[in-house]
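The structure appears right after this line, and notes come after that.
The values are calculated or read from the model by the stated rules, or taken from the named source; none is laboratory data. All figures in this text were calculated on a predicted structure; none of them were measured in a lab. Positions of Cβ are backbone-derived with ideal geometry, glycine not excepted, and every protein chain shown enters the neighbour counts.
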Amino acid sequence: MILHPAIIALLFSAVVIAFLLLYSSFTGVRILVRWDIKSGSEHQLELERKTYLISTILFYVFGFQLLSLFLYIFTADNIHPLFVGAMCAAGTLNLNSYGYPTLVLKLITSLLAGLWLILNYTDNRAYDYPLIKKKYFLLLLMTPIFFAEVITQSIYLLSLEPNVITSCCGSLFSTDTQGISADLAALPSMPMKITFYLSMALTIAFGIRFYVKQRSGKIFSMLAGVTFLVSVASIISFISLYIYELPTHHCPFDILQKEYGYVGYPLYTTLLGGAIMGIAVGLLMPFKKIRSLKNVVPVLQKKLTLLTLIAYLLFLAIVTYQLVFSDFILEGY
């Protein structure tokens, strides 16, 4: 094991998160089975007090979960000099078979954490907590995924050994190799540019429509999710080429380094934030008919829509700036 402060922090936080989620899930089962807002029994009062405690715990747990995604990537990038062949986080994550699965699981749990926090915030705005069983049922579904992440991350970090030879990002994200990363790198740049800007344009257009007229919310939410996936693929396919000004460098991790102005952090932050808030608009759609939420959900959806538009427009502005002002020319554009 490498005794690096960030690695220790990730391992320690994983244990704490696992324990708190287990405790919260146990309480969630009790709420699903015995919650009755109309009851004035001692047990119901105890559950109501517990739900305040659990909401506070999960606010900090899921908040740190969102931060831990970036801490995980930062750590992988920061310790790459310890391994022969690694030039960034791409090589570090490839040291064993648990690095990239952990990254995927962290991305999934970060999305779920953000959605749960928004669902919990919505529920707390109503006087009768109409979503309490739904949000704790969602928590029970999320907990195994979080535990899978904790296990894979722990195995990955505890298995790291210095001076292990690994592959650099140039070989992992190369069109000449096999795998998902190579397939994304091999996507043709011009069709990807068209797909990227079209998905952004549609998302922004439907977002404005929903914000102004409260129509097509589900379409906007789905587009926000699709745009997130398209944008990730676009970063690997062509956006990274303009940042590095190299026709063969598709790595999505080097953009987090100082040499490129840490541009990756605002890119990924705005993209992830926009995806969470955009998808949440659709998540809240079925609850508009609940009497205690009929005045809450529309207002919150408008705020989430506005924040999604701001996040995606910032992401689009950063990308377009890189494409326009880069000295690199790809296919004449």
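Just give me the residues in the range 247-270 being without any contact (Cβ under 8 Å) to a residue 60 or more places away in the chain, within 24 Å of N94 (Cα to Cα) and not small (G, A, S), in sequence order.
I255, K258, E259, Y260, Y262, V263, L267
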request  = Return a yes/no flag: does the range 105-117 have any residue that is in contact with a helix residue (DSSP H, G or I) (Cβ under 6 Å, 6 or more places away or on another chain), hydroxyl-bearing (S, T, Y) and not in a helix (DSSP H, G or I).
outcome  = no
query = For the range 9-29, which residues satisfy the criterion of being farther than 18 Å from P144 by Cα and touching a helix residue (DSSP H, G or I) at 6+ places or on another chain (Cβ under 9 Å)?
reply = A9, L10
message = Would you confirm, using the coordinates I've provided, whether L47 is more than 24 Å from K258 (Cα to Cα), surrounded by 14 or more Cβ atoms within 10 Å (Cβ to Cβ) and touching a Lys or Arg at 6+ places or on another chain (Cβ under 7 Å)?
response = yes
ask   = Does Y121 satisfy the criteria of being aromatic (F, W, Y), farther than 17 Å from V29 by Cβ and assigned to a helix (DSSP H, G or I)?
value = yes
message = Scan the range 291-310 and tell me whether some residue there is free of Cβ contacts under 8 Å to residues at least 24 places away in the same chain, surrounded by fewer than 14 Cβ atoms within 10 Å (Cβ to Cβ), within 25 Å of the chain's Cα centre (by Cα) and under 14 Å from R125 (Cβ atoms).
response = yes
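Residues are listed down the side, and each one gets a yes or a no for (1) among the aliphatic types (A, V, I, L, M); (2) out of contact with any Leu (no Cβ under 7 Å at 6 or more places or on another chain); (3) outside any helix (DSSP H, G or I); (4) at pLDDT 90 or above:
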{"site": "E149", "(1), (2), (3), (4)": "no, no, no, yes"}
{"site": "T152", "(1), (2), (3), (4)": "no, no, no, yes"}
{"site": "L160", "(1), (2), (3), (4)": "yes, no, yes, no"}
{"site": "V164", "(1), (2), (3), (4)": "yes, no, yes, no"}
{"site": "S167", "(1), (2), (3), (4)": "no, yes, yes, no"}
{"site": "L198", "(1), (2), (3), (4)": "yes, yes, no, yes"}
{"site": "A205", "(1), (2), (3), (4)": "yes, yes, no, yes"}
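Only one of A90, A6, A18 is in a helix (DSSP H, G or I) and at pLDDT 85 or above; which?
On the way: A90 fails: at pLDDT 85 or above; A6 fails: at pLDDT 85 or above.
That would be A18, the only listed residue that is in a helix (DSSP H, G or I) and at pLDDT 85 or above.
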inquiry  = Please go through (1) part of a helix (DSSP H, G or I); (2) over 30 Å from Y100 (Cβ atoms) for I37 and return the number of the only condition it doesn't satisfy.
reply    = (1)
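Can you find, within the range 59-94, the residue that is farthest from M142 (Cα to Cα) among those that are of a type outside the set (G, A, S) and touching an Asp or Glu at 6+ places or on another chain (Cβ under 8 Å)?
In this case the residue turns out to be M87.
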remark   = Of the residues in the range 132-141 that are surrounded by 20 or more Cβ atoms within 10 Å (Cβ to Cβ) and among the hydrophobic types (A, V, I, L, M, F, W, C), the one that is modelled with the lowest pLDDT is I132
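For the range 275-282, indicate whether the set of residues that are free of Cβ contacts under 8 Å to residues at least 60 places away in the same chain and either over 21 Å from L107 (Cα atoms) or among the hydrophobic types (A, V, I, L, M, F, W, C) (or both) is non-empty. Break it down stepwise before answering.
Step one: list which residues in the range 275-282 are free of Cβ contacts under 8 Å to residues at least 60 places away in the same chain, which gives none.
No, the range 275-282 contains no residue that is free of Cβ contacts under 8 Å to residues at least 60 places away in the same chain and either over 21 Å from L107 (Cα atoms) or among the hydrophobic types (A, V, I, L, M, F, W, C) (or both).
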ask   = If S234 satisfies every condition in (1) assigned to a loop (DSSP other than H, G, I, E, B); (2) surrounded by 20 or more Cβ atoms within 10 Å (Cβ to Cβ) but one, which is the exception?
value = (1)
task = Identify all residues within the range 13-25 that are more than 21 Å from the chain's Cα centre (by Cα) and over 21 Å from N124 (Cβ atoms); write none if there are none.
result = F19, L22
